[in-house]
1. Of all residues in the stretch 77-125, how many are assigned to a loop (DSSP other than H, G, I, E, B) and of a type outside the set (Asp, Glu)?
2. Among the numbered conditions (1) more than 20 Å from Gly122 (Cβ to Cβ); (2) touching a Leu at 6+ places or on another chain (Cβ under 8 Å); (3) of a type in the set (Gly, Ala, Ser), tell me where Gly111 comes up short.
3. Restricted to the stretch 47-56, and to residues that are at negative phi and surrounded by fewer than 16 Cβ atoms within 10 Å (Cβ to Cβ), which residue is farthest from the chain's Cα centre (by Cα)?
4. Which is outside any helix (DSSP H, G or I) and under 19 Å from Lys106 (Cα atoms), of Leu14, Leu62, Leu44, Leu34?
5. Which count do you get for residues in the stretch 4-22 that are crowded, with 17+ Cβ neighbours inside 10 Å and without any contact (Cβ under 8 Å) to a residue 60 or more places away in the chain?
6. What number of residues in the stretch 62-88 are within 20 Å of Leu102 (Cα to Cα), without any contact (Cβ under 8 Å) to a residue 24 or more places away in the chain and surrounded by 10 or more Cβ atoms within 10 Å (Cβ to Cβ)?
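Every number here is computed from the coordinates shown, using simple stated rules; none is lab data. All values derive from a computational prediction rather than experimental measurement. Positions of Cβ are backbone-derived with ideal geometry, glycine not excepted, and every protein chain shown enters the neighbour counts.
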Amino acid sequence: MTETSERPMRPAMLRGWRRRCPSCGAGPMLRGYLKVRDSCPVCLEELHHHRADDGPAYLTILIVGHLMAPIILWSFTTFRPDPLVLASVISVGCVALSLYLLPRLKGMIVGVQWAKRMHGFGAEG
């Protein structure tokens, strides 16, 4: 594979969503909950170039907010629960959904960066 050849975006994003190496899809990308490994243990692709920064957190807030806001409105107008009960249930839902989405969105962003050869991912070929 040459340095200027295209890397497939969709498979890299899907592998990142599964928290796998965007290059081979077999090795784990994350060492902990959010810590990206320096390199893939299977194909030895260097992953330390990533610059996900606040992107995953921003996307998580965006998705969770757009999913939970209509649910709050619908459940309050339909069932009229006690506000404390509604706040408790929605808070648990927001936290659970955020904890599920955050590492997957981080993996997806690293996959996009790898596919587009951003931030040093193009140097290795």
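1. 11
2. The failed condition is (1).
3. His48
4. Working: Leu14 fails: outside any helix (DSSP H, G or I); Leu62 fails: outside any helix (DSSP H, G or I); Leu44 fails: under 19 Å from Lys106 (Cα atoms).
After ruling out the rest, the residue left standing is Leu34.
5. So the count comes out to 1.
6. Number of matching residues: 3.
Results for (1) hydrophobic (A, V, I, L, M, F, W, C); (2) touching a strand residue (DSSP E or B) at 6+ places or on another chain (Cβ under 8 Å); (3) in contact (Cβ under 8 Å) with a residue 40 or more places away in the chain, shown as yes or no for each residue.
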position	(1), (2), (3)
Cys24	yes, no, no
Pro28	no, yes, no
Asp38	no, yes, no
Glu45	no, yes, yes
